[in-house]
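To start, the structure under review is shown below, and the notes come after it.
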Amino acid sequence: ICSSLPELLATELGLSPARYARARLADGSVQRVGIVASLRFEISDREVFDEALVMGDQVLIGQTVLEKMHLMVDCAGRRLVPDPDQPEYPVYRV
């Protein structure tokens with residue numbers, strides 16, 4: 001699932017959509033959204049470049065970013081934790 005950022009934040013950061021696509025929301029509706037590319041995400045001394053949808057009113061970190069960083073969600077602890085198989089750093093599959 002994709003990351004997203006609000007349109008106001010994208011504008012403040014000077015980000016313009018590279019392209020547009022349709023996104024299906026949790027309620028089943030479909031809307032046209034902009035996609036900004038080559039965003040750098042940095043979490044817990046790990047970084048990755050990915051795209052994000054321009055929509056909503058809050059920043060959401062998508063599953064694709066977390067998977068690339070080998071981070072997992074600890075719901076009970078309300079935090080991100082390293083994948084136990086790759087605790088030190090992400091290892092890319094080729």
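Values as computed for the structure displayed
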quantity	calculated
In segment 1-29, residue nearest to Leu60 (Cα to Cα) [restricted to those that are hydrophobic (A, V, I, L, M, F, W, C) and open to solvent by 80 Å² or more (accessible area, probe 1.4 Å)]	Ile1
So Pro82, is it closer than 30 Å to Glu12 by Cβ, of a type outside the set (Gly, Ala, Ser) and surrounded by 13 or more Cβ atoms within 10 Å (Cβ to Cβ)	no
Residue that is farthest from the chain's Cα centre (by Cα), among those in segment 41-59 that are surrounded by fewer than 16 Cβ atoms within 10 Å (Cβ to Cβ) and hydrophobic (A, V, I, L, M, F, W, C)	Ile43
Unmet criterion (only one of (1) at pLDDT 95 or above; (2) out of contact with any helix residue (DSSP H, G or I) (no Cβ under 8 Å at 6 or more places or on another chain)) for Arg24	(1)
Residue in segment 73-86 that is farthest from the chain's Cα centre (by Cα), counting only those that are touching a residue at least 12 places away in the same chain (Cβ under 8 Å) and not in a loop (DSSP other than H, G, I, E, B)	Pro82
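The values are calculated or read from the model by the stated rules, or taken from the named source; none is laboratory data. Here the structure is a predicted model, which is why all the values come from computation and not from measurement. Methodologically, a virtual Cβ is constructed for each residue, glycine included, from the backbone with ideal geometry; neighbour enumeration extends over all protein chains shown. For the accessible areas, the whole protein counts, side chains as well, though only heavy atoms, and no ligand, DNA or RNA atoms are used. Shrake-Rupley method; radii C 1.70, N 1.55, O 1.52, S 1.80 Å.
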